[in-house]
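For reference, the structure discussed in these notes is given below.
The values are calculated or read from the model by the stated rules, or taken from the named source; none is laboratory data. These figures come from a predicted structure and were not determined experimentally. Because the Cβ atoms are built from the backbone with ideal geometry, glycine has one as well, and the counts that use them run over all protein chains shown. With ligands, DNA and RNA removed, areas are computed over all heavy atoms of the protein, side chains included. Shrake-Rupley method; radii C 1.70, N 1.55, O 1.52, S 1.80 Å.
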Amino acid sequence: MKSTLVTAALEAGKILKENFGGNYKISSKEIVSNLVTEIDKLSEKKIIDIIKKDFPDHYILSEEAGALKQDSEFKWLIDPIDGTVNYAHSIPLTCVSIALEKKGEIIIGAVYNPFSGEFFFAEKGKGAFLNDKKIIVSAEDELRRSLLVTGFPYNSSSYKPDPVNTFKKFLMQDIPIRRLGSAALDLCWTACGRFEGFWEYNLNAWDVAAGYLILTEAGGQVTDLKGNEFSVYGKEILASNRLVHRQMIEVLQS
Ligand code: IPD
Ligand code: CA
Ligand code: CA
């Protein structure tokens, strides 16, 4: 299963690279700013074909194709391009994210940015890796010395709670914040110590499943925004190097 997942991520990454900046079709989903390109579909088809060839009986949940239900203890969670808006604007900060769930637990995950060549990988209980080198979260334990990252829902104008209020709470502590445009990379960049923490509303299982495993295997902590147990199906996420987690919750609750 590990080699299927790695092959699928690498092959899909090739598709992203080959078509980058090209003349492909771009359409909007239910909100004009939420894009899907022909390359999302090509990448997704390649991943699903590779998985189905090796595991025809497994359940697949993929962003564009939806739920390809099967009565299986295994479920693949696929984001064929995480950071589609970046991709459609020829910004090479984007990736392929694939995770495998077994009986409700994420057991392997990969996040691959073919433009930087960074391949993040984790297997439950076996640590997290960036291009085969073990990674761990940052050792910073003070929120005021931290660098945070976040993202905003496509429907921010109507989303409750107001994501800008939350953003403001951190900003008013004079804490620097970045917005990369890929939740999977946000989690992986926290896993390898570039960021201390990440939060976001309204995400889906395919955005976070692989990054969640990679971050927790790198020593990080992931909960909902109140500090409760995390579920990839739970929409909101608070992820950190563990050391600033409580301080982030205090700011969120302020
Ligand atoms: C999006 C990215 C972005 C996040 C959005 C996601 P997509 O995924 O992860 O960072 O802010 O909420 O939907 O649409 O590029 O796959
Ligand atoms: Ca996504
Ligand atoms: Ca996507």
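Let's test this: bin the Cα-Cα distances of the chain at 10 Å from zero up to the farthest pair and state each bin's percent.
With 10 Å bins starting at 0, P(r) equals 8, 34, 36, 19, 3, 0.
Counting only chymotrypsin sites (Phe, Trp or Tyr not before Pro) that are in a DSSP loop and have at most 14 other C-beta atoms within 10 Å, tell me the longest site-free stretch of the chain.
Answer from the scan: 1-158.
Label the stretch 2-134 by shape, choosing from rounded, prolate and oblate, from the square roots a ≥ b ≥ c of the eigenvalues of the Cα gyration tensor; if a/c is under 1.5 it is rounded, and otherwise prolate applies when a/b is larger than b/c, oblate when it is not.
oblate
Considering only protein heavy atoms and a probe of 1.4 Å, how much of the accessible area of the stretch 143-252 is carbon and sulfur, as a whole percent?
Roughly 48 percent of what the probe reaches on the stretch 143-252 is carbon or sulfur.
Calculate the spin-label point distance for Lys25 paired with Leu252, positioning each point 7 Å from the Cα along the beta-carbon direction, and give it in nanometres.
Computed distance between label sites Leu252 and Lys25 equals 4.0 nm.
How far apart, in nm, are the 7 Å Cα→Cβ label points at Lys17 and Ala139?
Spacing of the two 7 Å Cα→Cβ label points: 3.4 nm.
Let me know the shape class of the stretch 143-252, please: from the alpha-carbon gyration tensor, a ≥ b ≥ c as square roots of the eigenvalues, rounded when a/c is under 1.5, otherwise prolate if a/b is greater than b/c, or oblate.
Cα axes put the stretch 143-252 in the rounded bin.
Mind listing which GluC sites (Glu not before Pro) in the stretch 80-152 are in a DSSP loop and have 10 or fewer other Cβ atoms within 10 Å?
Here the sparse-neighbourhood loop sites are Glu142.
Which one of Asn165, Trp76, Ile106 has its Cα pushed farthest toward the positive end of the charge dipole of the chain, where Lys and Arg give +1 and Asp and Glu give -1 at the Cβ?
Asn165
Over the stretch 1-131, what percent of the accessible surface lies on carbon and sulfur atoms, probe 1.4 Å?
Taking all protein chains in place, the stretch 1-131 shows 51 percent carbon and sulfur surface.
Where the centroid of each part is defined by its Cα atoms, how far is the stretch 1-45 from the stretch 156-208 in Å?
Centre-to-centre distance over Cα atoms comes out at 23 Å.
As a check on your grasp of the helix formula, calculate [θ] at 222 nm for the chain: sum -39500 (n - 2.57) over DSSP H runs of n ≥ 4, divide by the residue count, round to the nearest 500.
-9500 deg cm²/dmol
Residues of the stretch 6-30 with backbone nitrogen within less than 19 Å of a virtual label 7 Å along the Cα-to-Cβ line of Arg194, please, listed as ranges.
10, 13-14, 16-17
What residues have an amide H closer than 5 Å to that of Glu101, excluding those fewer than 5 places away on the same chain, when H is modeled at 1.01 Å from N in the peptide plane?
Counting only residues 5 or more places away or on other chains, the set is Lys75, Trp76, Leu77, Ile107.
How big is the charge dipole of the chain about its Cα centre, in debye rounded to the nearest 20, if each Lys and Arg gets +1 on its Cβ and each Asp and Glu gets -1 on its Cβ?
Approximately 200 debye in magnitude.
With a 1.4 Å probe and all protein chains left in place, how much accessible area per residue does the chain have, in Å²?
With the other protein chains kept in place, the chain gives 45 Å² per residue.
What nm distance separates the two modelled labels at Met172 and Glu118, each placed 7 Å from Cα along Cα→Cβ?
Result for the modelled spin labels: 3.2 nm.
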